[in-house]
Structures are given as C-alpha cells and as structure tokens.
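The values are calculated or read from the model by the stated rules, or taken from the named source; none is laboratory data. As the structure is a prediction and not an experimental result, all values here were calculated from the model. With ideal geometry, Cβ positions are generated from the backbone for all residues, glycine too; neighbour counts draw on all protein chains shown. Just so you know, the surface numbers come from the protein's heavy atoms only, side chains and all, with ligands and any DNA or RNA stripped out. Shrake-Rupley method; radii C 1.70, N 1.55, O 1.52, S 1.80 Å.
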Amino acid sequence: MIALRSVLFNTIFYANLIIRMIVLSPYYFVAPRKTAYAIPKNWALSNHWLMEKIVGTTFEIDGLENLPDGSYILAPKHQSFWDTYALLPWLKDPVYILKRELMWIPLFGWYAKKQRMIPVDRGARGKVMVEVLKRTKQELATGRQLIIYPEGTRRPPGAEPLYKYGIARMYRDLGIPVVPVAMHPGLFWPRRSAVRRPGHFKVRILPAIPPGMDPDQFFEHLIEVTEKASDELLVDTVARNPHLPLPASAVERLAQLRKATAASA
C-alpha cells in the first residue's frame, strides 16, 4: 500500500507542478513579483494537502513567533526535497541562492528569475562571490528572507552534522538575524528514494540568533542549538511513529542518545 500511494503521490506531485507552471504562466509573468509569489506559495500548500490525503503524512510547526519582521537568514536542516518548499506559505518574501544550472531549466528557471533568485557557480571564487554577496544585500535591503541550508546538501536523519562555514561568513557580512530550523522530513520523504511514508512530525523554528556575534562563536552556537533540537525531535518523531523503518544513521544516533541518557541518570 505504501508503494502504491508513493507512486500515486509522486505522479500527481510532478503533474501538479508542471500543469500549474504552464496554466498560470500568463498571470505569473504579468503580475507584479510579490503578487505572483502567491502561485508558488499556493503550490506548496497544495503539496501539503496531497501528502496528507494520499500518503497520510502530516506535520505541525512550533515557533512561528520566532520569525522576525523584515530580513533574516532562515537556516533549516536539509534532509529532503520536502524542506525546499515546505515553509514557503509562512515566509513573506523569500530568496534563494541557487546553482546557476537550475536557472536554465525551462519554466522553473523563468519562475525563479521572476522572483529574483540569485544564481551562483558553486565552483566560483573571488569577483563572482563578491557579486553574489552584492546581489544578496540588494535583495535583503527590501525586507526579504534568505534561505540557506547550513550543511549545504541533504543529509540523512540522525547523521553526523557537517555544517559549512559559509553561513558564518554570510552572518558576518549581512549583519541580520539567523533563524535555525530543526525537522526530520527525511524519515517520511527520504533522499534518493521514491518512497513516501505516512506519519506525523514537527518542524521547530528556534529563536533567532541576533547579529553581532563573533563568526566562530556564532557557528558553534548555531550547530549546538540546531543539533540539540534535532536530537529532541528525532526521539519525539520515532516515538510518535513506531512503524517507521529507520535509516542506519537514525538508529545509531538514537542509540547514542539513549546511552547518554542512561549515563546521566
């Protein structure tokens, strides 16, 4: 049944994306940029509805009150394609720094360009990165929210954290708050897998880290608070969903947490 529901969801998910892009393009490209943002926002909401109705996956968000007004960096854990769009309905005007190759995809790249997403060559250095930072500052000056995944790429639930120092440099150079986000969608929408699993999980938006900290201290603090919340949510999610098959990384991390709890008892 899970396999059948996964196939059905994946088929409708991509059809929903492509059909919306085609049918709504005339309105999207004529409307003002901020007005047009309603289309990707509603697309994200429709995906949440499809996940619930077809797969049986639901979620709740704790800490929406921690999102500041104006510009900030949103720094979520990255485990799944799900978390690339999931929070769009709750963000006023987000901007991503994207691989430039994504901007070449028909329709998707045009949509991203309309929203003034910032393309970057990941292998670039020097003047190119200076230009990316300049563009980012211009967008944030209008009150937008920058989404950065501190680990850079998708990681399986419970895996040893591999944060990239780039977010500390952005924190230093941009001078705006950073909002960490912990969650485990990878247990329900695993990376490199077509399987979608039913269940319920939490997304936890943590208090904003204010600007002005030493970059090294900020980096250590970001990892500490995010991983602490991530561990708590891993235990909670597995307890809520005992049916879930767990990746080896989650099994190993849970064993470490149980051992640490027993040692401190």
For this session: Report in % the part of the accessible area of segment 5-159 that belongs to carbon and sulfur, leaving out ligands and nucleic acids; probe 1.4 Å.
Result: 63
Problem set entry | Greater than 19 Å apart at Cα, pairs in 41/164; 99/202; 34/77; 92/228; 41/113 | 41/164; 99/202; 34/77; 92/228
Exercise. Residue 179 accessible area, nearest 10 Å², 1.4 Å probe?
Worked result: 0
For this session: Report the full-extension gain for the segment residue 259 to residue 216: residue separation times 0.36 nm, less the Cα-Cα distance, to one decimal in nm.
Result: 12.5 nm
Problem set entry | Karplus-derived 3J(HN,Hα), 6.51/-1.76/1.60, for each residue of segment 227-232, Hz, glycine and proline x | 6, 4, 5, 5, 4, 4
Problem set entry | Cα gyration tensor, segment 140-265 - rounded (a/c under 1.5), prolate or oblate | prolate
Exercise. Once phi is turned into ³J(HN,Hα) by the Karplus curve 6.51 cos²θ - 1.76 cosθ + 1.60 with θ = phi - 60°, what whole-Hz value does each residue of segment 76-81 show in order, with x for glycine and proline?
Worked result: x, 4, 10, 10, 7, 4
Problem set entry | Long-range HN-HN contacts of residue 178 with modeled amide H, under 5 Å | 73, 209
For this session: Would you kindly state how much longer the chain becomes between residue 46 and residue 138 on full extension, computed as 0.36 nm times their sequence separation minus their alpha carbon distance, in nm to one decimal?
Result: 30.0 nm
For this session: Determine how large the accessible area of residue 202 is when every protein chain is in place; take a 1.4 Å probe and give Å² rounded to the nearest 10.
Result: 40
Seminar exercise, completed: Computed from the beta carbon distance with a Förster radius of 45 Å, FRET efficiency for residue 58 and residue 25 to the nearest 0.05 stands at 0.90
Exercise. Which percentage, to the nearest 5, of the DSSP beta bridges contained in segment 59-255 is antiparallel?
Worked result: 20
Exercise. Per q in 0.08, 0.11 1/Å, what log10 I(q)/I(0) does a Debye calculation on the alpha-carbon atoms of the chain return?
Worked result: -0.34, -0.65
Seminar exercise, completed: Full extension between residue 130 and residue 243 adds, at 0.36 nm per residue less the Cα distance, a length in nm of 35.9 nm
Problem set entry | Accessible area (Å², per residue) of the chain, counting only protein heavy atoms and a probe of 1.4 Å | 50
Seminar exercise, completed: Rounded to the nearest 500, the 222 nm mean residue ellipticity computed for the chain from DSSP H runs (n ≥ 4, each -39500 (n - 2.57)) alone is -15000 deg cm²/dmol
For this session: Determine the relative contact order of the chain: mean sequence separation of Cα pairs under 8 Å and six or more apart, normalised by residue count, in whole percent.
Result: 25
Exercise. ³J(HN,Hα) across segment 243-254 via Karplus (A = 6.51, B = -1.76, C = 1.60, θ = phi - 60°), whole Hz, x for Gly/Pro?
Worked result: 7, 5, x, 9, x, 4, 4, 6, 4, 5, 5, 4
